[in-house]
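Written below as structure tokens is the structure these notes are about.
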Amino acid sequence: MLDYSTAPARVDHQLAAAAVAQVALLGALAYEVGLGPVGWLTGVAYALGLAALLGGAARRAGATALGPADVVTLARASLVGGVTALVADRLGGDGYPVATLVLLSSVALALDGVDGWVARRTRTVSALGARFDMEVDAFLVLVLSVHVALLVTPCALVIGAMRYGFVVASWMLPWLSGALPTRCSAKVVAALQGVVLIVASAQLIANPAASVLVVAALAALLWSFGKSVTWLWRARLIRPGTADRHPVEGRRIGAGSVTAR
């Protein structure tokens, strides 16, 4: 494991560079597809919020610099910021080429496995990196679900809201915050959500068929959540108190949830 405290670049410098890159991406979108004022404001707010949240998380974790895998995740987060700006423009009444949204989303999703691979190769696996990766995944799914809800079916909103609803529930039921054993089926279901939402966003298939895909993905997600909740409940009954621990190992429940890298 690398010692982040010896890294030459500091978190605040890295986040400042990421904010500049985000603004540059927004500028490129404005030039290429006519990103409107709503998209600009949303994109800038996203960049500032990301910097504040990630900077605070890094300080709490005692990391003075982001590792190489975290930088990859930060690049993915910038792409998600572009997707967020485009969807906000759509909500504001402005149009844009759907192909641009699909391209940004596809690259962000394709890079999902790269940051974990980099973390393992450079031995910079961390709880901060795993949480950051998971939050980027979950937010991308949320934004895409809003877009698909406008285009195809409101059922898509449930996919995006599922993980955040679970977080709220865990505040009232702490045993829901326990770590879960790694399940291949959960990984597949989580990855499926992003793929289905991107396919539905692309509008390459008729709306009825896209609706069926979205509903099927939602059903799989509900099944995965249900299985995880059942496991946590049984763990709470068998080993009282152990389900409330938050080890780095294990998978946290949620749309886009990943194995800690």
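The values are calculated or read from the model by the stated rules, or taken from the named source; none is laboratory data. None of the values given here were measured: they were computed from a predicted structure. FYI the Cβ positions are ideal-geometry reconstructions off the backbone, even for glycines, and counts take in every protein chain you see.
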A careful count of residues in region 165-182 that are in contact (Cβ under 8 Å) with a residue 60 or more places away in the chain and surrounded by fewer than 16 Cβ atoms within 10 Å (Cβ to Cβ) gives 4
Members of region 1-32 found to be at pLDDT below 90 and of a type in the set (A, V, I, L, M), listed by number:
1, 2, 7, 9, 11
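Quick check on residue 186: is it free of Cβ contacts under 8 Å to residues at least 60 places away in the same chain and out of contact with any His (no Cβ under 8 Å at 6 or more places or on another chain)?
Working: free of Cβ contacts under 8 Å to residues at least 60 places away in the same chain: no; out of contact with any His (no Cβ under 8 Å at 6 or more places or on another chain): yes.
For residue 186, the condition - free of Cβ contacts under 8 Å to residues at least 60 places away in the same chain and out of contact with any His (no Cβ under 8 Å at 6 or more places or on another chain) - is not met.
Quickly run through region 21-39 and pick out the residues that are outside any loop (DSSP other than H, G, I, E, B) and of a type outside the set (A, V, I, L, M, F, W, C).
Residues of region 21-39 that are outside any loop (DSSP other than H, G, I, E, B), as a first pass: 21-33, 37-39.
The answer is 22, 27, 31, 32, 37, 39.
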Can you report the number of residues in region 165-210 which are within 15 Å of the chain's Cα centre (by Cα) and either part of a loop (DSSP other than H, G, I, E, B) or on the phi > 0 side of the Ramachandran plot (or both)?
0
